[in-house]
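Notes to accompany the following structure.
Any read-out appearing in this document is the output of simple, stated calculations on the displayed coordinates, not a laboratory observation. All values reported here derive from a predicted model rather than from experimental measurement. No Cβ is skipped: glycine too gets one built from the backbone with ideal geometry, and neighbour counts run over all protein chains shown.
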Amino acid sequence: MATAAASAPAAPRGTLVCASLTARSPQEMAAEVAATAALGADVAELQVGCLDGFQPRRDLPVLLAQPRPLPVIVAYRPKWEGGQYEGEDETRFETLLLAMELGAEYVDIEFKVADKFLKFLSGRKPETCKLIVSFHNYECTPSGEELLSLVDQIQATGADIVKIATAATEIDDVSRMFQVLVHCKVKQLPIIGLVMKEQGFISRILCAKYGGYLTFASLEKGKESAPGQPTVAELINKYKIRQIGPDTKVFGIIGNPVGHSKSPFLQNQAFRSVGFDAVFLPFLSDDLVKFLNTFSSPDYAGFSCTMPHKETAVRCCDDLDPIARDIGAINTIIRRPDGKLVGYNTDYVGAIAAIEDAIRASQPTDPTTSPLARRLFVVMGAGGAAKAVAYGAKEKGARVVIANRTFARAQELANLIGGTALTLSELENYHPEEGMILANATSVGMFPNVNDTPLSKKALRNYSIVFDAVYIPKETRLLREAAECGATVVDGLDMLVRLVMVQFGLFTGGMPAPQRLMREAILTNTQ
């Protein structure tokens with residue numbers, strides 16, 4: 001029953017992009033293969049256990065009919081390995097053999113039963129079909145030694161391709177999988193090595209740097225077959241996986257949360273536009289020190305630091321830019337060729353420039369001085385972002401007031417920059433003069449807590465300018481209510497686009513940022 005392959009697996013042009021499909025009917029799954037091809041993927045994985053009332057002899061001919069737009073992997077995962085099938089192995093083996101005979105380019109079998117499956121095949125595997133022997137650990141990522149031993153055991157079964165998928169409990173787990181990928185690349189052993197969950201997200205992209213045979217993605221959001229999967233479009237368009245290779249420099253934003261960040265889209269677009277061989281990723285990490293020690297290769301060349309790491313990052317750096325030292329918080333780390341870490345702060349540039357431009361556009365100003373000079377400037381918050389905004393306002397001649405939930409922290413920052421301290425509750429009735437400026441440098445109102453606000457609408461009537469560093473959503477409740485009170489509002493995107501342009505220059509060694517591209521990209525890709 002063997003048929004000619006639609007497009008036999010060839011040597012990869014790099015790491016292949018595979019969409020894992022979980023449709024409920026054969027017709028829908030076949031349509032998703034075509035949609036996957038249209039998006040630019042290289043392979044489709046057919047999770048046939050997801051099909052309602054699956055009948056192999058009825059459904060596989062529909063799925064594997066020629067001509068077929070993409071090579072396919074047929075996977076029939078048992079429940080004990082995270083799948084749906086609950087029957088006998090023999091029935092499942094017969095299904096996978098039928099898929100081979102009908103022209104499937106790849107078949108996936110679990111390591112636990114690989115020897116049993118090979119005995120069942122008894123030499124009947126077509127030459128045109130590659131056997132993937134897979135191991136899944138949904139709880140953790142084993143040690144490097146255990147992973148390498150596992151590779152040897154899987155290879156010994158006769159696998160054409162080794163697959164190991166583990167779960168991350170922290171982002172540092174991913175480094176062990178990268179070591180395994182490098183080991184297999186040296187041995188010229190095809191391997192799919194991925195780490196699941198959000199902390200393992202970077203493995204799905206950087207496997208292209210370390211020689212992974214294939215990476216999995218979903219067709220679209222909401223159709224993920226494993227935790228932490230990006231979409232095909234994200235891999236190809238947002239992270240430019242086709243351009244990632246051994247020499248690609250790695251940059252990223254470190255924090256928690258980071259999934260909302262627009263920086264990966266902005267910086268990757270900008271890198272590509274100037275021909276800079278780099279990728280920018282979200283690094284979900286609660287332990288900055290451990291992260292920097294783990295990912296210490298010179299290829300990990302720079303980072304944007306967000307909450308909660310902006311103050312901790314100061315202690316991690318070997319050297320600080322003078323302004324960052326004065327502020328006492330950084331949002332950018334550059335790893336020099338000698339391995340030393342240098343800290344910078346671009347938050348203050350982005351925030352202050354955005355506020356100044358908004359004032360100039362809405363009020364008559366003196367062109368010879370900053371429109372912030374002598375204005376009363378209230379900063380909500382006392383963390384790293386607040387330090388940067390307060391420092392920038394003070395440098396421009398503003399009279400700065402720090403308001404924070406914890407008065408001691410407000411007092412500490414106020415003393416540092418020569419300002420006044422208040423509690424947030426005191427701020428509710430604070431109105432010493434007209435025309436005040438308010439800057440929210442807390443995370444209150446950030447997605448998903450979009451109904452929260454750091455200050456009441458009644459209190460907002462006292463301000464003529466209101467800035468919010470939160471940019472997801474673009475219009476926070478704070479800004480919406482401030483606008484209703486008649487204030488000029490400045491959203492966090494105005495700040496973001498300025499600070500990422502400065503960061504781009506730091507990341508690239510001084511290349512001018514493609515300003516128009518970055519500005520248009522952020523405006524067209526924000527909810």
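For the chain, which span is the longest to avoid every loop-located (per DSSP) member of GluC sites (Glu not before Pro) having at most 11 other Cβ atoms inside 10 Å?
Numbers: sites that count: GLU86, GLU88, GLU127, GLU139, GLU433, GLU434.
Counting at most 11 other Cβ atoms within 10 Å as exposed, the longest clean stretch of the chain is 140-432.
Assuming a ≥ b ≥ c are the square roots of the Cα gyration tensor eigenvalues, decide whether the range 327-423 counts as rounded (a/c under 1.5), prolate (otherwise, with a/b larger than b/c) or oblate. Taking the square roots of the gyration eigenvalues as a ≥ b ≥ c, the range 327-423 is oblate.
Counting each pair of different Cα atoms once, what's the Kirkwood radius of the range 16-246 in Å, rounded to one decimal?
17.7
At R0 = 35 Å, how high is the FRET efficiency between LYS116 and GLU145 if r is their beta carbon distance? Nearest 0.05 is fine.
0.85
Which lysines, if any, have their Cα less than 17 Å from the Cα of LYS119, not counting same-chain residues under 8 positions apart? In chain and number order, the partners are LYS130. Exposed loop sites were defined as trypsin sites (Lys or Arg not before Pro) in DSSP loop states (anything but H, G, I, E or B) carrying at most 16 other C-beta atoms within 10 Å; in the chain the longest segment without such a site runs 224-339.
What is the extension gain from ARG336 to ALA233, computed as 0.36 nm multiplied by their sequence separation minus the C-alpha to C-alpha distance, in nm to one decimal? Write down the numbers at each step before the final one.
Values: separation 103, 0.36 × 103 = 37.08 nm, distance 3.28 nm.
Fully extending the segment from ARG336 to ALA233 adds 33.8 nm.
Give me the distance between the Cα centres of the range 83-144 and the range 337-361, rounded to whole Å. After rounding, the separation between the Cα centres reads 53 Å.
Between ALA34 and ASN415, what length in nm is gained on full extension when 0.36 nm per residue of separation is reduced by their alpha carbon distance?
Length gained between ALA34 and ASN415: 130.9 nm.
If you count the DSSP beta bridges with both ends in the chain, what percent of them are antiparallel, to the nearest 5? Write down the numbers at each step before the final one.
Values: 7 of 75 bridges.
Among the beta bridges of the chain, antiparallel pairing accounts for roughly 10 percent.
Against the chain, whose longest principal axis is taken from its Cα atoms, helix 492-507 shows a tilt of about 70°.
For the range 139-188, relative contact order (Cα pairs under 8 Å, six or more residues apart, normalised by length) works out to 51 percent. Would you report the distance distribution of C-alpha pairs in the range 251-344 as whole percents per 5 angstrom bin, up to the bin with the largest distance? Result returned by the calculation: 3, 15, 25, 25, 20, 12, 2. Computed from the C-beta positions of THR91 and VAL182 and an R0 of 51 Å, the FRET efficiency is 0.85 to the nearest 0.05. For the range 27-43 and the range 47-82, what is the separation of their Cα centres, given in Å? Taking the Cα centre of the range 47-82 as reference, the centre of the range 27-43 is 14 Å away.
Amide H contacts of LYS130 (H built 1.01 Å from N, in plane; Pro and chain starts excluded): TYR106, VAL107 sit under 5 Å, all sequence-distant by 5 or more or on other chains. Think of the chain as a dipole: +1 on every Lys or Arg Cβ, -1 on every Asp or Glu Cβ, centred on the Cα centre; then among VAL489, THR91, THR332, VAL489 lies furthest on the positive end.
Using only alpha-carbon positions in the chain, the gyration tensor eigenvalues give semi-axes of 52, 23, 20 Å once each is multiplied by 5 and square-rooted (largest first).
Amide hydrogen proximity for ASP452: with H placed 1.01 Å from N in the peptide plane, the residues at 5 or more positions away or on another chain lying under 5 Å are GLY445.
Spin-label model, LYS457/GLU198: points 7 Å from Cα along the beta carbon direction are separated by 3.1 nm.
Here the calculated FRET efficiency for ARG360 and ASP318, from their Cβ-Cβ distance with R0 = 35 Å, stands at 0.35, rounded to the nearest 0.05. Could you tell me whether the range 44-118 comes out rounded, prolate or oblate from its Cα gyration tensor? Rule is a ≥ b ≥ c as square roots of the eigenvalues, rounded for a/c under 1.5, then prolate if a/b exceeds b/c, otherwise oblate. The shape class here is prolate.
Spin-label model, ALA408 to THR524: label points 7 Å out along the Cα-to-beta-carbon direction sit 5.1 nm apart. Rounded to the nearest 10 degrees, the inclination of helix 384-395 to the longest alpha-carbon principal axis of the chain is 30 degrees. Quick one: net charge around GLU484, please, counting Lys, Arg +1 and Asp, Glu -1 for every other residue with C-beta under 12 Å from its C-beta. The answer is +3.
For the range 348-490, just say rounded, prolate or oblate: build the C-alpha gyration tensor, square-root its eigenvalues into a ≥ b ≥ c, call rounded for a/c under 1.5, and beyond that prolate if a/b exceeds b/c, oblate if not.
Working: a/c = 1.39, a/b = 1.07, b/c = 1.29.
The shape class here is rounded.
Axis angle, to the nearest 10 degrees, between helix 263-273 and the longest C-alpha principal axis of the chain: 80 degrees.
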